[in-house]
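K.L.:
One structure follows; several queries about it will come next.
What follows is calculated from the coordinates using simple rules that are stated; it is not laboratory data. On a predicted model such as this, the values are computed, not experimentally measured, just so you know. Using ideal geometry, Cβ is built from the backbone for each residue, glycine included, and neighbour counts are taken over all protein chains shown.
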Amino acid sequence: MNFYVMTLFPEMIMEGMKTSITGRALQSGVISVETFNIRDYTNEKHGHVDDYPYGGGAGMVMQAQPICDCYEAVMKKIGETEKKPRVIYLTPQGKVFNQKLASEYAKDENIIFLCGHYEGVDERALELLETENVSIGDYVLTGGELPAMIMMDCISRLVPGVLGKEESADIESFHDNLLEYPQYTRPVEYRGLSVPSILLSGHHANIEKWRRERSIERTLKVRPDLLPEADLSDKERAFLRELESDRKDN
Ligand code: ADE
């Protein structure tokens with residue numbers, strides 16, 4: 001998986017990506033990240049990349065020229081490909097990123113990110129680059145760099161070879177639309193709080209059942225919107241109905 005990031009703050013991207021698991025994946029070459037500084041491509045003699053919005057209004061708008069020229073440099077670097085690489089523009093006006101989109105993106109060989117700043121980007125740049133507009137949630141950040149890093153992190157862990165064998169068991173969380181069950185590690189007792197005894201029983205089937213039930217319980221409490229899509233057995237559906245009726249009674 002090769003990521004290309006068009007940004008005004010390349011150092012921010014590299015600092016974030018070179019740590020922890022993505023850092024290890026970069027070292028081993030399973031993923032690559034290359035940044036392109038949009039400012040390097042401006043034709044404006046003072047190095048400006050933005051201007052006032054036509055029609056008035058607050059803030060500045062990033063101009064189409066440096067973005068389009070930067071994109072051409074990225075495409076030249078990528079070279080000939082079978083299909084046009086996806087260009088993702090990070091914006092609160094986009095569709096909301098989730099695990100399903102991450103799985104789809106993880107199949108790509110090359111992904112280009114466009115990080116905006118100021119009040120946005122000249123719409124013509126987005127049209128010319130045929131961007132896919134993606135938001136990471138219903139809140140507004142100062143720029144697209146953190147969202148791009150979040151997306152690269154999430155996509156990377158789905159790329160074969162990025163996670164170790166033990167870590168990859170975790171891949172399924174969220175896939176089945178349930179939140180994770182609570183986890184515990186040593187010691188058995190901490191500040192008067194004990195690890196649930198079933199986890200010490202060594203009885204794997206009971207542990208699995210307990211974990212699924214805690215997942216269902218937690219999802220009902222925190223993210224009930226996920227439950228209609230959750231993959232539950234008949235017994236688990238019955239358990240959910242019981243929880244729901246208990247909640248109504250209380
Ligand atoms: N840029 C600013 N806010 C954003 C968000 N929520 N998602 C993606 N890009 C953004």
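K.L.:
Among residues belonging to the range 173-223 that are closer than 18 Å to Ala238 by Cα and hydroxyl-bearing (Ser, Thr, Tyr), point out the one that is farthest from the chain's Cα centre (by Cα).
P.N.:
Ser215
K.L.:
Answer yes or no as to whether Lys95 is more than 15 Å from the ligand (Cβ to nearest atom), more than 20 Å from Cys70 (Cα to Cα), not hydrophobic (A, V, I, L, M, F, W, C) and not in a loop (DSSP other than H, G, I, E, B).
P.N.:
So Lys95 does not fit the description; no.
K.L.:
Sticking with this one: I'd like the full set of residues that are in contact with a strand residue (DSSP E or B) (Cβ under 9 Å, 6 or more places away or on another chain) and free of Cβ contacts under 8 Å to residues at least 24 places away in the same chain, limited to the range 12-43.
P.N.:
Within the range 12-43, Met14, Lys18, Leu26 qualify.
K.L.:
Out of Leu199, Leu178, which single residue is closer than 28 Å to Pro224 by Cβ, more than 16 Å from the ligand (Cβ to nearest atom) and part of a helix (DSSP H, G or I)?
P.N.:
Leu199
K.L.:
Considering only residues that are free of Cβ contacts under 8 Å to residues at least 60 places away in the same chain, surrounded by fewer than 22 Cβ atoms within 10 Å (Cβ to Cβ) and of a type outside the set (A, V, I, L, M, F, W, C), which ones fall in the range 144-164?
P.N.:
Gly164
K.L.:
Do we have any residue at all in the range 23-41 that's within 16 Å of the ligand (Cβ to nearest atom), farther than 17 Å from Leu129 by Cα and of a type outside the set (Val, Ile, Thr)?
P.N.:
no
K.L.:
Which residue pairs have Cβ atoms under 6 Å apart, sit 6 or more places apart or on different chains, and have a first residue in the range 177-201 that is more than 11 Å from Arg214 (Cβ to Cβ) and a second that is not aliphatic (A, V, I, L, M) and not in a helix (DSSP H, G or I)?
P.N.:
Listed pairs, sorted by first residue: Val195/Tyr184.
K.L.:
Sticking with this structure for a sec: For the range 10-35, which residues satisfy the criterion of being buried (at least 19 other Cβ atoms within 10 Å of the Cβ) and closer than 14 Å to Cys70 by Cα?
P.N.:
Those that are buried (at least 19 other Cβ atoms within 10 Å of the Cβ) and closer than 14 Å to Cys70 by Cα: Pro10, Thr35.
K.L.:
Here's another thing I want to ask about it. Could you identify the single residue in Arg186, Arg212 that is of a type in the set (Lys, Arg) and part of a loop (DSSP other than H, G, I, E, B)?
P.N.:
Arg186
K.L.:
Can you tell me which residue is surrounded by the most Cβ atoms within 10 Å (Cβ to Cβ) among those in the range 97-117 that are charged (D, E, K, R) and within 14 Å of Asn2 (Cα to Cα)?
P.N.:
The extreme case among them is Asp108.
K.L.:
Out of all the residues in the range 107-143, which are β-branched (Val, Ile, Thr) and either outside any loop (DSSP other than H, G, I, E, B) or without any contact (Cβ under 8 Å) to a residue 24 or more places away in the chain (or both)?
P.N.:
Ile111, Ile112, Val121, Val134 - these are the residues of the range 107-143 that are β-branched (Val, Ile, Thr) and either outside any loop (DSSP other than H, G, I, E, B) or without any contact (Cβ under 8 Å) to a residue 24 or more places away in the chain (or both).
K.L.:
Another one. For the range 101-152, give me each residue that is more than 19 Å from Ile78 (Cα to Cα), more than 15 Å from the ligand (Cβ to nearest atom) and touching a Lys or Arg at 6+ places or on another chain (Cβ under 8 Å).
P.N.:
Result: no residue meets the conditions.
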